[in-house]
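Notes follow once the structure below has been shown.
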Amino acid sequence: MTKLSNALPKDNGLSDLNALMINNTEKTYLVVGILKPTKITTNLETGDAEATASFHRLEVVTGQDLTTADQLVRRAIERRTGMVELPIETEDELKQLLSDVIEPDTGELKDGN
């Protein structure tokens with residue numbers, strides 16, 4: 001299991017969100033980051049090695065990029081868990097086709113359906 005260092009880069013995208021997070025503790029944010037290993041710990045008895053990583057870059061995704069970033073995160077989870085994934089273009093087409101009956105942000109049926 002990889003451990004995560006508590007240290008963040010001095011210049012990171014979370015700084016801009018500080019006030020927003022203080023005022024709205026219920027909201028979640030999608031971030032993209034680049035990790036780099038900072039330390040490897042090896043158990044001399046078992047030979048098991050464990051990496052510790054720190055964020056090299058960490059940025060909050062906002063605006064129009066949020067939908068694409070969310071799709072990329074879900075696809076990465078699907079690959080990791082072995083679930084079947086749809087091409088992004090197919091997801092976009094399905095979202096467009098179903099937009100009259102399904103609320104795209106929540107996945108819930110729109111009123112009257």
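If the elastic network links every pair of Cα atoms under 10 Å, which of Lys36, Lys95, Lys27 fluctuates the most in the Gaussian network model of the chain?
Looking only at Lys36, Lys95, Lys27, the biggest GNM fluctuation is shown by Lys27.
Got a number for the accessible area of Thr68? Probe 1.4 Å, square angstrom, nearest 10.
Accessible area of Thr68: about 70 Å².
Say we join alpha carbon atoms closer than 10 Å with springs in a Gaussian network model of the chain; which of Val32, Val60, Val84 then has the biggest fluctuation?
Val84
So, with a 1.4 angstrom probe, what is the percent of accessible area on the chain that is carbon and sulfur?
54
If only Cα atoms are counted, what is the Rg of the chain, and what is its Dmax, in Å?
When restricted to the Cα atoms of the chain, Rg and Dmax are 19.2, 65 Å.
Leaving out ligands and nucleic acids, note down the accessible area per residue over the chain with a 1.4 angstrom probe, in whole Å².
In whole numbers, the chain has 81 Å² accessible per residue.
If I fit a long axis through the Cα atoms of helix 88-98 and take the longest principal axis of the Cα atoms of the chain, what angle between them do I get, 0 to 90°, rounded to 10?
Compared with the principal axis, the helix lies near 30 degrees.
With a point put 7 Å past each Cα toward its Cβ, work out how far Leu8 is from Lys110 in nm, to one decimal.
A separation of 3.8 nm, rounded to one decimal place.
Given the options Gly63, Gly13, Gly47, which has the most mean-square fluctuation in a GNM of the chain, springs set between C-alpha atoms less than 10 angstrom apart?
The residue that fluctuates most here is Gly47.
Which value, in Å² and to the nearest 10, is the accessible area of Arg57 when all protein chains are kept and the probe is 1.4 Å?
That residue has around 90 Å² of solvent-accessible surface.
Name all residues of segment 63-95 having a backbone nitrogen under 20 Å from the label point set 7 Å from the Cα of Leu20 along its Cα→Cβ direction, giving them as ranges.
Backbone N within reach: 63-74.
The values are calculated or read from the model by the stated rules, or taken from the named source; none is laboratory data. In this text, all values refer to a predicted model and were calculated from it rather than measured experimentally. Don't worry about glycine lacking a Cβ; one is built from the backbone with ideal geometry, like all the others, and counts go over all protein chains shown. Ligands, DNA and RNA are excluded from the accessible area calculation, which covers all protein heavy atoms including side chains. Shrake-Rupley method; radii C 1.70, N 1.55, O 1.52, S 1.80 Å.
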